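This report refers to the structure that appears directly beneath it.
Computed from the coordinates by the stated procedures, all read-outs in this text should not be read as laboratory data. Quick caveat: nothing in here was measured; it's all calculated off a predicted structure. Backbone-built Cβ (ideal geometry, glycine too); neighbour counts: all protein chains shown.
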Amino acid sequence: MRAIINSTSLAVCVLGAVMLYAEDKPPASPLNFKVKDIDGKEVALGAFKGKVLLVVNVASICGLTNKQYAGLASLHEKLKDRGFEILAFPANDFGKQEPGTEKEIKEFCSKKNVAFKLFSKISVKGDDIHPLYKFLTQKETNPKFAGDIRWNFDKFLLDRDGNVIGRFEPRADPLGKEVSEAVEQALKEKEAAK
């Protein structure tokens with residue numbers, strides 16, 4: 001009886017160690033994260049698998065706000081029916097340019113005709129960086145497009161499988177050639193495979 005208990009105890013310890021190791025392993029994709037939307041509801045980003053995504057940190061009172069929001073809204077409206085989504089993460093990390101509450105941010109965005117996905121305010125840099133943005137900015141998890149977030153409206157492009165395939169400067173116009181062509185190309189790759 002004692003040998004059975006020891007074997008069982010050993011098996012439980014080994015299983016516990018394996019589970020601990022698995023939990024310490026970084027996610028393989030941005031789609032492995034869960035985040036809160038602007039209303040505080042938890043959203044698994046895996047629900048967006050199969051869509052081309054543009055992940056953007058946004059701010060309401062930045063000098064880039066009007067042009068960026070207008071461009072993002074237009075790009076989303078133009079391409080949403082082909083499987084394109086924008087995931088916008090308000091952040092107050094640069095010049096305190098997103099000081100409002102979630103309710104205030106949501107109201108501001110509704111006045112800007114924003115119909116893409118808005119999430120709860122997070123930090124995109126520093127000691128309290130959100131795990132999603134830690135993933136996006138670290139060399140270990142995003143070697144090709146790593147680096148600190150430079151300012152409001154830094155953009156990451158993800159393919160339909162959740163791989164980071166592009167990154168664009170804050171001033172990059174969402175309707176400009178660089179961004180819009182990269183999004184179009186990502187959409188066409190899956191469309192051609194059908």
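To make sure I understand, if each residue's beta carbon is the centre and we count other beta carbons within 10 Å, what order do Lys96, Lys121, Lys134 fall in, fewest to most? List each step's numbers first, then the result.
On the way: Lys96 9, Lys121 21, Lys134 17.
Taking fewest neighbouring Cβ atoms as first place, the list is Lys96, Lys134, Lys121.
Hey, could you get me the Stokes-Einstein D for the stretch 98-153, Kirkwood radius over alpha-carbon pairs, 37 °C and 0.692 mPa s, rounded to whole µm² s⁻¹? Working shown, then result.
On the way: Rh = 12.9 Å.
The Stokes-Einstein estimate is 254 µm²/s.
Could you line up Ile105, Ile122 from fewest to most neighbouring Cβ atoms inside 10 Å?
On the way: Ile105 23, Ile122 20.
With the fewest neighbours first, Ile105, Ile122 line up as Ile122, Ile105.
Please list, ordered by chain and number, the residues whose modelled amide H lies under 5 Å from the amide H of Gly166; skip anything fewer than 5 residues away on the same chain.
Leu157
Simple spin-label model, 7 Å along Cα-to-Cβ: Lys106 to Thr141 in nm?
2.7 nm
Where a ≥ b ≥ c are the square roots of the eigenvalues of the C-alpha gyration tensor, would you call the stretch 29-193 rounded, which needs a/c under 1.5, or, failing that, prolate if a/b is larger than b/c, or oblate? Please list the in-between numbers first.
Details: a/c = 1.40, a/b = 1.19, b/c = 1.18.
In terms of gyration-tensor shape, rounded.
Using a 10 Å cut-off around each Cβ, can you sort Thr101, Thr65 from fewest to most neighbouring Cβ atoms? Can you show the working numbers first?
Values: Thr101 9, Thr65 18.
Fewest-to-most ranking of Thr101, Thr65: Thr101, Thr65.
Which of Lys103/Lys139; Lys112/Lys155; Lys49/Lys80; Lys125/Lys188; Lys121/Lys188; Lys36/Lys111 have a Cα-Cα distance over 26 Å? Don't skip to the end; give the middle numbers.
On the way: Lys103/Lys139 34 Å; Lys112/Lys155 19 Å; Lys49/Lys80 14 Å; Lys125/Lys188 33 Å; Lys121/Lys188 32 Å; Lys36/Lys111 22 Å.
Pairs exceeding 26 Å: Lys103/Lys139; Lys125/Lys188; Lys121/Lys188.
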